[in-house]
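Below: one structure, written as structure tokens.
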Amino acid sequence: MKDIIRSAIGTLFLLSLLLGLLLGAINSKLLQERYLTGAIDKSGLYKQVLSNLDDLQRQSDTITKAKGLARITVVGLLTENRLQDVVSTNISRILGFAVGRTNEIIIYLPFEDWKIPNVKLARDTNLVELIAAGGIKPEQKQALVKGLETTQLVTKNINQASLWILIGALVLLVGHFLLGSLYATAVLLLVSGLIIAVLSLFGVSLGWLISLVPQLPMWGKVLASQLIKDFFGYGAVFGLVIAGVGGLVWWVTRAKAPAQSLVKNIVGVILVLGLVLGLLGGVGYKFIAKFNIQPSPKQNWTLTVPKDWTSREEKGTKLFTNTKISISVAPLIRDPQMAKSDYLQQVVKNLSGSTYQRVFVGKPYQDQWQKWTRFVYIYDISDPKSKDKVRSLHWEILPATGNGYNLVGATRATDWPTNEKQILAILESFKLK
């Protein structure tokens, strides 16, 4: 029985060591601004971009000519210092979000400073709003926000998690020694270190394979190869050190090696692997259930709609429709930008510049509605299928704290005078249970 328990502890030790070193490599390499910016500098990205200015100019001319816009002279506009400034600043901001220093990712796009014509992007733009400007649906925006929050929850705790996992591995190692002998523990260290080193060296070899991919540009090959080699090289060094310590102790204690039961050791390994896989399955299920980026929320509101309307739910958004009107209710994630006085102006700017260009009707406004803050705006947009213009009335309503709801009423623009009153009456009926 002792042999089985000791083998189980040894297997847990190896798994803990692998996980701890993996998280440590992520924290010490991929989440370090100086390391990433240095790797990009060495890749030759900026020089390669500048060497392809003629191709970039032709692509720019094709786009601006097709859209009837003024020509943008790329030569002299892009410089190595400017490219480095954009890349390094955005890496710093993304990593700041990843480690929890900031609660949002503000993308740095100094195109106005470069005096590029036809560009309406703000110098500092929230990543979610920048993507939303492409015309994504409210539920897709919510999924994006949830995904970023989940990612931050994981990345900002990696360093602490790695430390506690390695401490747990040390406790397991002590337990293994107390249940057996110094010789058996030395063998565990030697084998574990060699396994880690071999796995890491396989990972390092991926860097060489990446450099053979013909589709990647030269800077991409250099950068990917460097990142992979450094990432897995971290584990290779630790693996060899652990194997060396274990090998030294094994050499000293080999003359007093106790008898080992191979069958009992195998049984212990199988039992612990089954336990670990079961735990990972259960934890993974709970994690996905908790942080599902497109949850179907429990409906804690009511809306009064005619009985003959149809209703359905799509990725968290409740839809009510008849032949002429569509009403939707979707969760609304509170954005820090909503507290700013120019929030609605930014909404208009972002949506007007998206792929599916909107034409706003009337002036957007903000008011109080049933003790909620309400942002109201209306726009027309062409239906991709019928080519008819659809008019959408948007209510973004927020309580004093926390998240709110996005209510939308839509109908064909030509039917708006007839259907406006019914749309407003339905939206006004919205209440929390």
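Restricting segment 306-329 to residues that are among the β-branched types (Val, Ile, Thr) and assigned to a strand (DSSP E or B) leaves a set whose member that is farthest from Asp415 (Cα to Cα) is Thr317. Annotation: of all residues in segment 62-73 being more than 34 Å from the chain's Cα centre (by Cα) and not hydrophobic (A, V, I, L, M, F, W, C), the one that is nearest to Trp114 (Cα to Cα) is Thr73. Every test in (1) modelled with pLDDT of 85 or more; (2) open to solvent by 50 Å² or more (accessible area, probe 1.4 Å) is passed by Thr150 save one, and that test is (2).
This table checks each residue for (1) open to solvent by less than 50 Å² (accessible area, probe 1.4 Å); (2) in contact with a Ser or Thr (Cβ under 8 Å, 6 or more places away or on another chain).
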position: Ser51; (1), (2): no, no
position: Asp55; (1), (2): no, no
position: Arg71; (1), (2): no, yes
position: Glu80; (1), (2): no, no
position: Val87; (1), (2): yes, yes
position: Pro110; (1), (2): yes, no
position: Trp114; (1), (2): yes, no
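Tell me, yes or no, whether segment 135-145 has at least one residue that is part of a loop (DSSP other than H, G, I, E, B) and at pLDDT 85 or above. Break it down into steps so the answer makes sense when it comes.
The initial filter retains those residues of segment 135-145 that are part of a loop (DSSP other than H, G, I, E, B), namely 135-137.
Now drop any that are not at pLDDT 85 or above, which leaves none.
No, there is no match, as no residue in segment 135-145 is part of a loop (DSSP other than H, G, I, E, B) and at pLDDT 85 or above.
Scoring Thr401 on the criteria (1) in a loop (DSSP other than H, G, I, E, B); (2) β-branched (Val, Ile, Thr); (3) surrounded by 11 or more Cβ atoms within 10 Å (Cβ to Cβ) leaves a single failure, condition (3). Among the residues of segment 156-174, write down those that are surrounded by 15 or more Cβ atoms within 10 Å (Cβ to Cβ) and of a type in the set (A, V, I, L, M, F, W, C). Correct list: Ile158, Ala161, Ile165, Leu166, Ala169, Leu172, Leu173. Of all residues in segment 304-326, those that are within 13 Å of Ile426 (Cα to Cα) and free of Cβ contacts under 8 Å to residues at least 24 places away in the same chain have Cβ atoms under 8 Å from Cβ atoms of residues that are small (Gly, Ala, Ser) and outside any loop (DSSP other than H, G, I, E, B), 6 or more apart or on another chain, in Leu319/Ser311; Leu319/Ser326; Leu319/Ser328; Thr321/Ser311. Please work out if Leu69 is outside any helix (DSSP H, G or I) and not basic (Lys, Arg). Against the criterion (outside any helix (DSSP H, G or I) and not basic (Lys, Arg)), Leu69 qualifies. The residue list Leu223, Leu206, Leu170 contains one member that is part of a helix (DSSP H, G or I) and without any contact (Cβ under 8 Å) to a residue 24 or more places away in the chain, which is Leu170. When you scan segment 59-66, do you find a residue that is surrounded by fewer than 16 Cβ atoms within 10 Å (Cβ to Cβ), among the acidic types (Asp, Glu) and more than 29 Å from Gly233 (Cβ to Cβ), even just one? Yes, some residue in segment 59-66 is surrounded by fewer than 16 Cβ atoms within 10 Å (Cβ to Cβ), among the acidic types (Asp, Glu) and more than 29 Å from Gly233 (Cβ to Cβ).
The values are calculated or read from the model by the stated rules, or taken from the named source; none is laboratory data. Note that the coordinates shown come from a computational prediction; the quantities given were computed from them, not determined experimentally. A quick note on method: Cβ atoms are made from the backbone with ideal geometry, for glycine too, and the neighbour counts reach across all protein chains shown. Remember, those area values only see protein heavy atoms, side chains included, never the ligands or the DNA or RNA. Shrake-Rupley method; radii C 1.70, N 1.55, O 1.52, S 1.80 Å.
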